[in-house]
Amino acid sequence: MATHNDIGKAGEEAAVSLLLEKGYSIRHRNWRSGKKELDIVAENKEFLVVVEVKTRSTSTFEYPEQAISALKIRRLIHATDAYIRYFQINKEVRFDVISIIGEPGHFILEHIEDSFLPPTN
């Protein structure tokens, strides 16, 4: 596996640990709807929380959260809609990002709650 894949997998593990520490329950990891994927689906008392995890070894070129394009947001929305329908979820949805910079064992994590809203068009 390529080094960037190893860093991404370790970042996702760190993100799950952070969410668990904050009291979230993890419903699914890497849930797929066709070719679209939700990194982490979690929940708390109020929300179903869809978490996009972005891990980079450095922020030299951009911060990890800056890599989330409008196309990526549309794909997340479609996959989330499929998830809600499949599991018949009746809870408000929130979209979070966990931005991770560094190397495994030396990550800096930032949990950005309510990081974007679904487009209205």
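Bear in mind that the values in this text are calculations on the coordinates, not laboratory data. Predicted, not measured: the structure shown is a model, and the values here were computed from it. Quick reminder, even Gly has a Cβ in these numbers, built from the backbone with ideal geometry, and neighbours come from all protein chains shown.
The table below gives the values:
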read-out: For residue 116, residues with placed amide H under 5 Å, excluding near neighbours; value: 95
read-out: DSSP-assigned coil residues among GluC sites (Glu not before Pro) in the stretch 1-54, each with at most 15 further Cβ atoms within 10 Å; value: 46
read-out: Virtual spin-label span in nm between residue 67 and residue 82, 7 Å along Cα→Cβ; value: 2.2 nm
read-out: Two-site FRET efficiency, residue 20 against residue 90, from Cβ-Cβ distance with R₀ of 22 Å, rounded to 0.05; value: 0.40
read-out: Nonlocal amide H pairs with residue 57, under 5 Å, H built at 1.01 Å; value: 102
read-out: Per-residue HN-Hα couplings for the stretch 74-83 [Karplus 6.51, -1.76, 1.60; θ = phi - 60°; Hz; x = Gly/Pro]; value: 4, 5, 4, 4, 5, 5, 5, 4, 4, 4
read-out: Long-range lysine pairs (8 or more apart or interchain), the chain, Cα under 23 Å; value: 16
read-out: Percent of Cα-Cα distances greater than 18 Å, calculated over the stretch 71-121; value: 47 percent
read-out: Option label - Kirkwood radius over Cα pairs in Å computed here, alternatives (1) 14.2; (2) 15.9; (3) 14.7; value: (3)
